[in-house]
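Okay, so here's the structure we're looking at.
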Amino acid sequence: MQHPLHITRVNRQLLTKILEQHTLDQLNKIPEGFSNNLIWNIAHTVVTQQLLMYKLSGNAMLVSEELVAKYQKGTKAEAPVHQDEVKTIKELLIRTIDQTEKDLASGLFTTFNEYPTSTGFVLKSIDDALHFNNFHEGIHIGYCLALKKGL
């Protein structure tokens with residue numbers, strides 16, 4: 001069985017490829033019938049992983065509160081994202097997972113605040129959060145693939 005973090009890395013490589021294969025205008029475009037765009041979905045995966053794993057375990061997140069406020073659950077694309085923010089998101093896609101791997105190995109995640117997700121799962125441990133995060137990222141990769149067809 002693959003370690004869940006390996007699956008996360010594959011997810012992040014797919015999302016990085018989507019970033020690299022689209023123009024800034026394409027990343028920002030909200031196709032008809034959708035409420036968000038490619039860049040929102042990609043940034044949302046970064047923010048959600050940080051909330052699920054770091055915030056719920058009482059640790060400092062590796063992303064800014066500004067990024068969390070812009071891309072957390074319940075938000076939507078409000079204004080076009082500029083190239084410098086795309087660059088930051090692209091770096092965070094990999095950097096956050098690299099750091100998560102180190103933090104898992106060092107035993108950083110010693111506590112966890114139980115969290116019922118909107119999809120009906122109840123996360124009770126960092127391991128639950130890691131597995132659920134992969135499920136969540138899979139959903140948003142699916143959204144990205146659907147969004148690409150509308151560009």
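Here are some notes:
- Among the candidates VAL46, VAL63, VAL68, residue that is modelled with pLDDT of 95 or more and closer than 20 Å to GLY138 by Cβ: VAL46
- Residue within the stretch 72-80 that is more than 21 Å from ASP128 (Cβ to Cβ) and in contact with a Pro (Cβ under 7 Å, 6 or more places away or on another chain) present: no
- Within the stretch 128-144, one or more residues are under 18 Å from ASN28 (Cα atoms), among the aliphatic types (A, V, I, L, M), part of a helix (DSSP H, G or I) and modelled with pLDDT of 95 or more.
- Tallying residues that are farther than 27 Å from GLN99 by Cα and β-branched (Val, Ile, Thr) within the stretch 22-67 yields 2.
- Residues of the stretch 99-121 satisfying the condition of being in contact with a Phe, Trp or Tyr (Cβ under 7 Å, 6 or more places away or on another chain) and without any contact (Cβ under 8 Å) to a residue 40 or more places away in the chain: THR117, PHE121
- Among the residues of the stretch 43-65, those that are assigned to a helix (DSSP H, G or I) and either touching a residue at least 24 places away in the same chain (Cβ under 8 Å) or of a type in the set (Val, Ile, Thr) (or both) comprise ALA43, HIS44, THR45, VAL46, VAL47, THR48, GLN49, GLN50, LEU52, MET53, LEU56, SER57.
- Among (1) without any contact (Cβ under 8 Å) to a residue 60 or more places away in the chain; (2) surrounded by fewer than 17 Cβ atoms within 10 Å (Cβ to Cβ); (3) assigned to a helix (DSSP H, G or I); (4) not acidic (Asp, Glu) - the single one ILE94 does not satisfy: (1)
- No other residue among GLU101, GLU32, GLU66, GLU114 is among the acidic types (Asp, Glu), in contact with a helix residue (DSSP H, G or I) (Cβ under 6 Å, 6 or more places away or on another chain) and either within 21 Å of THR8 (Cβ to Cβ) or surrounded by fewer than 17 Cβ atoms within 10 Å (Cβ to Cβ) (or both) apart from GLU101.
The values are calculated or read from the model by the stated rules, or taken from the named source; none is laboratory data. Predicted model, so just to flag it, every value in this text is computed and none were measured. Cβ atoms come from the backbone with ideal geometry, glycine included; neighbour counts cover every protein chain shown.
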